[in-house]
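Read the structure below first, then the notes.
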Amino acid sequence: MNFRARQKWPMWLPVLLSVACQGWEPVLVSSGEFEPMLNVVAVLSPDGPEVTVLIQQILPMEGPSGTGEIRIDTVWYEDWVTGDSSYFLQEYEVSRFEVNDAVVSMAWADSSVDFAYAGASAQNWHMSRYRPIGAGFVPRGGVTYQLSINTPGGLAVTGSTTVPRTARMIASYTPDTLSASEPVPLAWEASTGFYQINLNYDFNLETERFWCIRDVQEVVLDDTTWLGEPLVVPECPPAPGDFIWYTMSVAALDSNYYRYFIRDPGERSNFTFFLLGEGDEASAYGIEGGLGVFGAYRSDALVRLVVP
């Protein structure tokens with residue numbers, strides 16, 4: 001039997017890291033309770049965007065303002081109308097919660113890769129973004145990765161996660177053409193026991209659109225089959241002759257990813273209570289010496305035609 005969490009979840013794949021930043025506001029604690037620590041978000045997947053490590057430091061309330069400091073940089077400017085171009089100095093704000101001097105690396109059984117500071121995160125300017133040095137780092141399913149972060153100030157974080165093996169979808173279980181008014185059946189090979197299902201219409205293949213049709217994001221635990229509700233919105237049925245292509249995917253999640261993003265999403269914004277002595281457990285999943293998550297996922301997908 002399926003155990004389904006029917007809450008809507010943000011889409012994974014390219015926007016995973018933006019999900020990671022929701023709730024990660026700058027953390028200020030009183031100096032009497034202050035313990036230097038780093039917040040870290042790192043997610044591995046062969047199917048996602050380039051791997052990045054996001055880092056944020058905790059600051060005491062009594063210190064200098066944590067809202068940011070002003071720096072000046074040289075910017076190249078070219079007027080596309082007149083063709084005039086020149087350099088000019090531009091002020092920009094840098095968050096004091098950023099960590100731009102950390103030594104970051106990941107290691108696995110037969111190799112390792114170093115990461116370099118690449119500016120503030122586009123989703124949250126209070127977090128630093130670190131990218132792999134060089135090209136070609138793609139995490140592999142079934143491999144365990146070790147994360148290491150060290151700062152000149154003596155802060156250190158380690159982490160460990162194993163990239164899941166693909167929960168390969170069983171194409172024969174889902175008909176090539178589906179009715180929007182009938183339940184959607186999916187099946188996949190066993191992997192981690194934590195699965196996220198996503199059904200979305202595919203704009204790349206679309207020619208005629210159902211205007212009232214659902215996207216679906218659900219979680220299945222300890223099962224390899226799923227029977228979803230019909231995709232059509234009853235109050236707005238499609239017209240005869242309409243059709244739409246759907247991408248249907250299943251992601252196998254490691255336990256760190258599942259617990260941090262899905263089971264305990266409140267932990268992302270509530271870890272301040274722990275730092276103030278009001279909690280029993282820090283929000284750290286796959287992380288030692290800091291807060292945050294070092295997790296992984298692996299996805300598989302198929303495309304199906306949906307008709308009225």
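The values are calculated or read from the model by the stated rules, or taken from the named source; none is laboratory data. Since the model is a prediction, treat every value here as computed from it, not as a measurement. Glycine gets a Cβ as well: all are built from the backbone with ideal geometry, and neighbour counts include every protein chain shown. When the accessible area is computed, the model is the full protein with side chains, heavy atoms only, and any ligands, DNA or RNA have been set aside. Shrake-Rupley method; radii C 1.70, N 1.55, O 1.52, S 1.80 Å.
Just the accessible area for residue 288, please: 1.4 Å probe, Å², rounded to the nearest 10?
In the full protein context, residue 288 sits at about 130 Å².
Under a 5 Å amide H to amide H cut-off, with H placed in plane at 1.01 Å, what residues pair with residue 231 once short-range neighbours are removed?
When sequence neighbours closer than 5 places are left aside, the close amide H contacts are 182.
Taking K and R as +1 and D and E as -1, what net charge do the other residues with C-beta under 15 Å from the C-beta of residue 146 add up to?
On the way: positive: 140; negative: 110, 114, 254, 288.
After counting each charged neighbour, the total is -3.
Given 0.36 nm per residue, what is the gain on full extension from residue 262 to residue 236 after removing their alpha carbon distance, in nm? Please report the intermediate quantities before stating the final value.
Numbers: separation 26, 0.36 × 26 = 9.36 nm, distance 3.08 nm.
Gain on stretching residue 262 to residue 236: 6.3 nm.
Whenever you get a sec, compute what percent of the accessible area on region 123-246 sits on carbon and sulfur atoms (1.4 Å probe). Walk me through the numbers before you get to the answer.
Details: 3260 of 6080 Å².
Reported share for carbon and sulfur atoms: 54 percent.
Considering the Cα positions of region 93-233, please state its Rg to one decimal place and its Dmax as a whole number of Å.
21.2, 60
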